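Just so you know, all these numbers are worked out from the coordinates, no wet-lab data involved. Bear in mind the structure is a predicted one, so any value in this text is a computation, not a measurement. Note that we place each Cβ from the backbone using ideal geometry, even for glycine, and neighbour counts take in every protein chain shown.
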Amino acid sequence: MQFVDWFGDGSIVVVDLALACCAVESEFAVPEGAPVLDDVPTGSLPVAIVSGTLTDAVSGLVRDRIQSLGPNVHVVSFGACAAAGGPYWDSYSVTKGVDQLVHVDHYIAGCPPPPSALTSHLESLRSARGSS
């Protein structure tokens, strides 16, 4: 698993569990030139972003990936599909939101949500942690 050091200072590292079309928007939000790391540095807040349609077939893998980040992971549900199944909510194979698997700390609504919404949320997390 690779992590993006979002601000380049080790305060917040992000892993995007990119599943479908919202992944394009979440990837577009990544700051240009942001360092990519193989591990979460000590003292960093790991943020897992679930973006796109979550299906029952991959739900266990997504849950395991998030849980492998430890108890302090901050989970973001990015887009309507990750939050509640989106336009596919009534499909037999679609999980009705990542919160069916793990605790979600923040929901970013939209189909698709704007990249700026993700950037804004991560900036607010950084401010709350006291980094500048």
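Rounded to the nearest 10 degrees, the angle from helix 56-67 to the longest Cα principal axis of the chain is 20 degrees. Residues Thr55, Thr119, Thr95, Thr42 in ascending order of nearby Cβ atoms (within 10 Å, fewest first): Thr42, Thr119, Thr55, Thr95. With Cα atoms defining each centre, segment 97-132 and segment 50-93 are spaced 14 Å apart in the structure.
Suppose each label sits 7 Å from its Cα in the direction of the beta carbon; what would the Ala34-Glu123 distance come out to in nanometres? Each label point lies 7 Å from its Cα, and together they span 1.4 nm.
Counting only DSSP beta bridges whose two residues both lie in the chain, roughly 25 percent are antiparallel. Based on DSSP loop calls and a cut-off of at most 16 other Cβ atoms within 10 Å, the longest stretch of the chain free of exposed chymotrypsin sites (Phe, Trp or Tyr not before Pro) is what? For chymotrypsin sites (Phe, Trp or Tyr not before Pro) (loop position, at most 16 other Cβ atoms within 10 Å), the longest site-free span of the chain is 1-88. The residue among Val102, Val36, Phe7 whose Cα reaches farthest toward the positive pole of the charge dipole of the chain, with charges on the beta-carbon of Lys, Arg, Asp and Glu, is Val102.
Over segment 1-57, Cα pairs under 8 Å with separation of 6+ residues give a relative contact order of 48 percent. Using only alpha carbon pairs under 8 Å that are at least six residues apart, calculate the relative contact order of the chain and give it in whole percent. Result for the chain is 24 percent. About its Cα centre, the chain has a charge dipole of approximately 260 debye under the convention of +1 per Lys or Arg Cβ and -1 per Asp or Glu Cβ, with nothing else charged.
Could you give the angle, 0 to 90 degrees to the nearest 10, between helix 115-129's Cα long axis and the longest principal axis of the Cα atoms of the chain? In the chain, helix 115-129 runs at an angle near 50 degrees to the longest axis.
Size of the chain: Rg and Dmax of its alpha carbons, in Å, are 14.0, 45.
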